[in-house]
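Participant: Before we start, here is the structure in question, set down as structure tokens.
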Amino acid sequence: MSTFISYSSKDREITEKIDSTLRAYGANVFRDIRELNPLDDILEFMDRVSNLDYLIALISKNYLLSFPCAYEFTQFLRTKKSNQILIPILLEDIKFTDYSQRIFNKWVQHEGASIWEQVLYRLRLKRRTQHDWTIRFNEMFYYLRNTKCLEYQNLLSDEFKKCRSILKLFDEEIMKRYNEIKIMQNEEEQEIAFEKLLNDHPGHYYLSHLRGHFYFDKQQYKKAIFYHEKLISKFPKPIEHVLAYYHIGQCYNKMKQFEKSIEVNLKALGACRFSFPSHRGLGDAYLGLNQYDQAEHHYLISHRYEKNDIVCNNLGVIEFERSNYKNAIKWFEESIALKPNDPNAYNNIYQCYKYTGQEGKLREVANYAFKKFPEDSKVLSNYVVYHVVQKSAYDNINGMTQIIEKSLQLDKDNIEANIFFGHLIAVNTNSSEKRLKYAQRLLFNLFTKDLYPEEAELLVNNFTLCCRRLDDLKTLQHAEKKYAHWFKV
């Protein structure tokens, strides 16, 4: 469901809460900060939003005393389906009586709009008179006086259930059945159960979207694309295609088909040029292509509309790749502030501190992340590498070997963990021949990987040490010949 929120800028904090909650439950939420530029034609803008499925007005004293809000509200009232699509929500206790109407009217007539509102609305509407505001205010007040409004405090207690019901977003019964489908072991049974759920709730937009997202979570990206494309063919409004295009783009990003991701995300922006998730999708695609300028451009647009930890982290990655470590640290710090329980930004900021030689902060992050994320492969390998570099690892070489081995169990493709596991086995005088051969095999397989020069140097040194301890010069000579480019490094 596509929904526009009309609100006073002074109530932005509450608006953010409502906005994020409704979007979490599947609503396509539109707001002026995302859709309207300062000098855009407001008449054209109001024409656009009045064609959305629902219009939510967040009523407060701030709202009633704002000409832009009065203008938006009365424009909604003048749409043909206003009684069906307009949802007023009271943010505070306001009595719509004759007395309060006189009080508000007096303020409107004597105080007037702020200088900024006057300038902005003269530019947008080419006119704006005190008389016009008074008419619109009384029109709005009369409607609210004769309409039962939803109350914010009541909605807050059950995550806006009543509002979600009006918007036809999914409810607990649907989610209960959806979660039951997710834990089914048989895929054929899942398909049958999904069809039954869709038949029980025909025309349910977000449920159709969930079907594609279900297969995305299972990493069955081609099947996810099939169901998102099915949603696009089922729902005719272009605005309803935006979310599906974005998720199709994310599937292509996961499949490393970045050009196709760019294509579908551009389609999403064609349907809604203010689709900030699509800008994020484009950022992901361009980052995958190592086109950092284009990726940064779209990430910054997305960041302007919504603060997202992944976007901040990826902006940090871009600055890191440019060797702008100071800027990268700022982005990683913002990512951590937004999502303190995600280890990715900690791992990335660790690398920044390493390259900038900030020993104190490097130690602090390595030790803190190790305690906070004991099940993250990269965190564990960073911790071991730090202590190897500081020479403190050799005081507890068996304990450090266990930690790096756990890192490999969590992610066998962690190159750094492979190299330093081989290193700890090679330098440990108590390592058995079996352990040395195992480490030798792990290190030999790394020669086929795409390595940084410093990784290649460590790999060569530790592989050579393993071969010499095993007295296996034949394997060493074979590696030197086959992977000569690494040994030259």
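The values are calculated or read from the model by the stated rules, or taken from the named source; none is laboratory data. Please read these numbers as outputs of a predicted model, since none were measured by experiment. Methodologically, a virtual Cβ is constructed for each residue, glycine included, from the backbone with ideal geometry; neighbour enumeration extends over all protein chains shown. Accessible surface areas use protein heavy atoms only, side chains included; no ligands, DNA or RNA. Shrake-Rupley method; radii C 1.70, N 1.55, O 1.52, S 1.80 Å.
Participant: When you scan segment 143-247 for helices (runs of 4 or more DSSP H) that lie fully inside it, which ones turn up with 2 or more residues that are under 26 Å from Leu77 (Cβ atoms) and either modelled with pLDDT of 90 or more or touching a Lys or Arg at 6+ places or on another chain (Cβ under 8 Å) (or both)?
Facilitator: 152-157
Results for (1) within 21 Å of Leu287 (Cβ to Cβ); (2) surrounded by 20 or more Cβ atoms within 10 Å (Cβ to Cβ), shown as yes or no for each residue.
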| residue | (1), (2) |
| --- | --- |
| Leu210 | no, yes |
| Gln219 | yes, no |
| Ser233 | no, no |
| Pro236 | no, no |
| His247 | yes, yes |
| Asn253 | yes, yes |
| Lys256 | yes, no |
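Participant: Within the set of pairs 6+ apart or on separate chains, which have a first residue in segment 394-413 that is in contact (Cβ under 8 Å) with a residue 24 or more places away in the chain, a second that is surrounded by fewer than 17 Cβ atoms within 10 Å (Cβ to Cβ) and not in a helix (DSSP H, G or I), and C-beta atoms under 8 Å apart?
Facilitator: Here the result reads Leu410/Glu375, each pair linking segment 394-413 to a residue that is surrounded by fewer than 17 Cβ atoms within 10 Å (Cβ to Cβ) and not in a helix (DSSP H, G or I).
Participant: So which of Gly288, Gly283 is open to solvent by 20 Å² or more (accessible area, probe 1.4 Å) and small (Gly, Ala, Ser)?
Facilitator: Gly288
Participant: Pairs only if they're at least six apart or on different chains, beta carbon under 8 angstrom, first in segment 367-378 and open to solvent by less than 30 Å² (accessible area, probe 1.4 Å), second among the aliphatic types (A, V, I, L, M); list them, first residue then second.
Facilitator: Note: pairs meeting the criteria are Ala369/Val379; Phe373/Val379; Ser377/Leu408; Ser377/Leu410; Ser377/Ala417.
Participant: Another question, if that's okay. Can you name the residue in segment 341-365 that is touching an Asp or Glu at 6+ places or on another chain (Cβ under 8 Å) and farther than 14 Å from Tyr383 by Cα and, of all such residues, is least open to solvent (accessible area, probe 1.4 Å)?
Facilitator: Ala345
Participant: Taking Ser261 and the conditions (1) over 28 Å from Thr3 (Cβ atoms); (2) of a type in the set (Ser, Thr, Tyr); (3) open to solvent by less than 60 Å² (accessible area, probe 1.4 Å), which numbered condition does it fall short on, given that it satisfies the others?
Facilitator: Among (1) over 28 Å from Thr3 (Cβ atoms); (2) of a type in the set (Ser, Thr, Tyr); (3) open to solvent by less than 60 Å² (accessible area, probe 1.4 Å), Ser261 violates only (1).
Participant: Can you pull out the residues in segment 172-189 that are touching a residue at least 24 places away in the same chain (Cβ under 8 Å) and either closer than 14 Å to Tyr215 by Cβ or out of contact with any Leu (no Cβ under 7 Å at 6 or more places or on another chain) (or both)?
Facilitator: Initial filter on segment 172-189 (touching a residue at least 24 places away in the same chain (Cβ under 8 Å)): 174, 178, 181-182.
Scanning segment 172-189 gives Tyr178, Ile181, Lys182.
Participant: I need the full set of residues from segment 46-67 which are farther than 18 Å from Ile14 by Cα and either part of a helix (DSSP H, G or I) or not hydroxyl-bearing (Ser, Thr, Tyr) (or both), in order please.
Facilitator: Met46, Asp47, Arg48, Val49, Asn51, Leu52, Asp53, Phe67, listed by residue number.
Participant: Further, regarding this structure: Could you count how many residues in segment 462-489 are assigned to a helix (DSSP H, G or I) and in contact (Cβ under 8 Å) with a residue 24 or more places away in the chain?
Facilitator: 11
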